[in-house]
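For reference, the structure discussed in these notes is given below.
The values are calculated or read from the model by the stated rules, or taken from the named source; none is laboratory data. All values derive from a computational prediction rather than experimental measurement. Positions of Cβ are generated from backbone atoms using ideal geometry, with glycine treated the same way; all protein chains shown enter the neighbour counts.
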């Protein structure tokens, strides 16, 4: 990754503007959009890591902030044998680990937690689950509304969704039934064919309005702020096109390695793991045209237009547009870490990429000729997610006699993690008798003047599912268009005769292969 995009920001003094809060808007008025309908959240795969780390802590936090109805149930189910008491104790420990345990509130919250054992491919166990859910519903007197959260490996999505449907749990508005919704975690298939196959399986028992394809990146506050920044401020949108922007860099860098996900990652690699979903969503938010209204389908319509406009990859010249890498041993955050091939569960001869930089173009009026550089990788120098807009150089330098030909172009940096801020870097005169330029930066910290709690991404998406709001979720046409773009790239990489030669090693704790510099020239 090219560090020059953020160097000026870090080495120059910040210029922070005066406070100008809108007196008509309070922090409290923005905390909750609504309270979820009463009903039950059924977590399929509740004995797994995702439930303990993300889902139940998010639900408990919503409960603490009055985002859940007084009449709600959380029912975990999985193949592991657990009693209600054991499940509750496991979730209590998870909340304690997350640092959000409130013992007094937990005593009340835990009364709504239950656990039932299921076999994902066995209809009888889901029929038993259906009977149990109806009994709990009657016992607690809540509404017959159901969210089924598939916190299971992608290979089990189809069978679990089919069992839920065959057990009659997906049916809506019959004989007093309320709504039923299903949440599917990424990845949505491995390629275009499997994505279409998964969608067909889901639609056997669920209608499109019942399906929520989750991408938690979209629920991050700073990601949502991209649209507000672009379309609620008249000073930026007129510059947001090929006339003024030279290039766009979108980066999602991680310091972690493959960790405990070797079995999945060996089959996926960085392109399936990050590019088909997170990177494409950040691309769409950066490049889309303004929707006529801020409504779920109109926003997603504009995203789909971006995906349709992406220029097909020149498969015969992959190396001109794509750099793949795999991390070797190195030092990250002061600790020695092993190479990818030495990680537990990884093939010692593995050719799975852990890093990629992709140069893409869009064939439309707004962005014709502007390169977009998408970068993501593991074991990099910092954990950082950001979007860097590099503007064109001034068309004519009146200062060439004193400053030379080149003046560093302006940059706009949308920081998503860990710096949740917006920074604009521009040129000013350095104080003193000589005419010298220096880059200075205006920073806006996203949490500036905010006094309320900051919701976690999973809190936001869970609340939206219960409210039936699809704004932050994938629509199937977007999924298929992204796979249609990426599948030929994957095939080209995975069937290449010289596959090892297009995979560049890089030392852990660096910014990836040196070949990235040639791609960005």
request  = Being assigned to a strand (DSSP E or B), under 25 Å from residue 492 (Cβ atoms) and either touching a strand residue (DSSP E or B) at 6+ places or on another chain (Cβ under 6 Å) or at pLDDT below 80 (or both) narrows it down to one of 428, 375, 385, so name that one.
outcome  = 375
ask   = surrounded by 14 or more Cβ atoms within 10 Å (Cβ to Cβ) and either within 25 Å of the chain's Cα centre (by Cα) or free of Cβ contacts under 8 Å to residues at least 24 places away in the same chain (or both), is that true of residue 440?
value = no
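It is to be established whether one or more residues within the stretch 112-119 are part of a helix (DSSP H, G or I) and farther than 17 Å from residue 459 by Cα.
Initially, the stretch 112-119 is screened for residues part of a helix (DSSP H, G or I), giving 112.
Checking which are farther than 17 Å from residue 459 by Cα leaves us with 112.
There is at least one residue in the stretch 112-119 that is part of a helix (DSSP H, G or I) and farther than 17 Å from residue 459 by Cα.
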ask   = Out of all the residues in the stretch 260-275, is one or more exposed (fewer than 15 other Cβ atoms within 10 Å of the Cβ), farther than 21 Å from residue 337 by Cα and touching a residue at least 24 places away in the same chain (Cβ under 8 Å)?
value = yes
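Picking from 235, 245, 250, which residue would you name as being under 14 Å from the mean Cα position of the chain (by Cα) and farther than 30 Å from residue 173 by Cα?
That would be 250, the only listed residue that is under 14 Å from the mean Cα position of the chain (by Cα) and farther than 30 Å from residue 173 by Cα.
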key: Candidate set from the stretch 45-67 (those that are in contact with a strand residue (DSSP E or B) (Cβ under 9 Å, 6 or more places away or on another chain) and part of a loop (DSSP other than H, G, I, E, B)); member that is surrounded by the most Cβ atoms within 10 Å (Cβ to Cβ)   = 46
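Residues are listed down the side, and each one gets a yes or a no for (1) within 20 Å of residue 474 (Cα to Cα); (2) at pLDDT below 85; (3) in contact with a strand residue (DSSP E or B) (Cβ under 7 Å, 6 or more places away or on another chain); (4) not in a strand (DSSP E or B):
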site	(1), (2), (3), (4)
152	yes, no, yes, yes
155	yes, no, no, yes
159	no, no, no, yes
162	no, no, no, yes
174	no, yes, no, yes
181	yes, no, yes, no
190	yes, no, no, yes
inquiry  = Which numbered condition in (1) out of contact with any helix residue (DSSP H, G or I) (no Cβ under 9 Å at 6 or more places or on another chain); (2) over 19 Å from residue 469 (Cβ atoms) is the only one that residue 207 fails?
reply    = (2)
request  = Give the number of residues within the stretch 68-99 that are in a helix (DSSP H, G or I) and out of contact with any strand residue (DSSP E or B) (no Cβ under 8 Å at 6 or more places or on another chain).
outcome  = 10
query = So which of 73, 113, 123, 150 is exposed (fewer than 15 other Cβ atoms within 10 Å of the Cβ), touching a residue at least 24 places away in the same chain (Cβ under 8 Å) and within 19 Å of residue 45 (Cβ to Cβ)?
reply = 123
remark   = Considering the stretch 490-509, residues that are closer than 22 Å to residue 320 by Cα and either buried (at least 20 other Cβ atoms within 10 Å of the Cβ) or within 19 Å of the chain's Cα centre (by Cα) (or both), and then whichever is modelled with the highest pLDDT, we arrive at 506
query = Given 465, 461, which one is in a helix (DSSP H, G or I), crowded, with 17+ Cβ neighbours inside 10 Å and either out of contact with any helix residue (DSSP H, G or I) (no Cβ under 7 Å at 6 or more places or on another chain) or free of Cβ contacts under 8 Å to residues at least 12 places away in the same chain (or both)?
reply = 465
